[in-house]
1. I'd like the carbon and sulfur percentage of the solvent accessible area for segment 159-318, probe radius 1.4 Å, heavy atoms only, ligands and nucleic acids excluded.
2. Would you mind working out the magnitude of the charge dipole of segment 1-44 relative to its Cα centre, with +1 at each Lys and Arg C-beta and -1 at each Asp and Glu C-beta, to the nearest 20 Debye?
3. Roughly how much of Arg227 is accessible, in Å² to the nearest 10, using a 1.4 Å probe?
4. Given R₀ = 30 Å, what would the calculated FRET efficiency be for Glu308 paired with Thr102, taking r from the Cβ atoms and rounding to 0.05?
5. Consider just the alpha-carbon atoms of the chain and return their Rg together with their Dmax, both in angstrom.
6. What translational diffusion coefficient, to the nearest whole µm²/s, does segment 1-121 have by Stokes-Einstein, given a Kirkwood radius computed over alpha-carbon pairs, a temperature of 4 °C and 1.567 mPa s viscosity?
7. Would you list Met1, Met265, Met212 from the most to the least accessible area, probe 1.4 Å?
8. Distance cut-off 30 Å, Cα to Cα: go down the list Lys2/Lys311; Lys87/Lys311; Lys103/Lys218; Lys73/Lys293 and report the pairs above it.
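The values are calculated or read from the model by the stated rules, or taken from the named source; none is laboratory data. Only a predicted model underlies this, so the values are computations on that prediction, with no experimental measurement involved. Neighbour counts run over all protein chains shown; Cβ positions are idealised from the backbone, glycine included. Each accessible area value is taken on the protein alone, full model and side chains, heavy atoms only, with ligands, DNA and RNA left out. Shrake-Rupley method; radii C 1.70, N 1.55, O 1.52, S 1.80 Å.
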Amino acid sequence: MKVTEHIAKASGKTQFSFEILPPLKGQNIQCIFDGIDPLMEFNPPFIDVTYHREEYEYKELGNGLLQKKIVKKRPGTVGICAGIQNKYNVDAIPHILCGGFTKEDTENLLIDLDFLGIDNVVALRGDAVKSEIYFKPEKDGNGYASELVKQISDLNNGKYLDADLQNTNATDFCIGVAGYPEKHMEAPSLDSDIHFLKQKIANGADYIITQMFFDNKKFFDFVSKCRKAGINVPIIPGLKPIATKKQLNLIPHRFSLELPDDLIMAVVKAKDNEAVKQIGIEWCIAQSKELVKAGIPVLHYYSMGKAENIKAIAKEVF
């Protein structure tokens, strides 16, 4: 079932969903199931599975030269989605990136997902690889999420890259895209970011999932700006409980967002990370309850494969 259909079927009741990471290369799918099992009592209609593109390492050779080596540390998104749908009978939603894919690669991936009966995808540009400052698309690849959305939408209309194909089958993917309540780190302003978000909707996106935020006012203001800009698709908030003192610096730097002063001071005064985890849970519960009261259709949690704190939040909210 499509995400938009899940929302319509819920008739205004807020639903619970979450996102997981593929395991590191060399591990099996059981570690994924171990992170999902404790959360199934909250009846998630769908579970997102991130995609991690290849990374580069430089191996020193005996002659003093460096050899560039491609490594893929978290493969398995498509297989994990198939496993989730088979085991739990819920919709699994793979993330699809521009980075690391040609348009032909993307089309073949979408065909595989269609064969598996996967109804939803999240289309993302993706980040630059760690060895590069700026994002660089593949040759003959999509450079922006809006272009990726257009390719998926074209396939939904039976339009393949090879125009000579006859009697083509149209796919029927529900397309999610990312939104940034505090703007994307590369955007010059929030208004310009929303301008490009609107382009993704115009190209065929059906719903938006936001980056994490810790101040609900920023989310409500973002939704208001989107509506004024003519964006009327569902907007699903992404939530993450802070869990360690280290995240106090990492999260603002990595995701280009602000943490509320009250949360910062509570974490600073916490005696250890166990106390920080509890602060993060309580803060996220308060955020969640306010969002439910506002009639938000789905709350989406970034679990990172760790169920304990997400379960503690969900028990108080759902």
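1. Working: 4180 of 8110 Å².
Here carbon and sulfur together make up 52 percent of the probe-accessible area.
2. Values: 4 positive and 5 negative charges, 41 e Å.
Using only the charged Cβ atoms, the result is roughly 200 debye.
3. 90
4. Working: r = 40 Å, r/R0 = 1.32.
My answer for the efficiency is 0.15.
5. According to the Cα coordinates of the chain, Rg and Dmax are 19.9, 67 Å.
6. Details: Rh = 16.2 Å.
D, rounded to a whole number, is 80 µm²/s.
7. Numbers: Met1 75, Met265 95, Met212 10 Å².
The ordering from most to least exposed comes out as Met265, Met1, Met212.
8. On the way: Lys2/Lys311 25 Å; Lys87/Lys311 20 Å; Lys103/Lys218 35 Å; Lys73/Lys293 40 Å.
Beyond 30 Å between Cα atoms: Lys103/Lys218; Lys73/Lys293.
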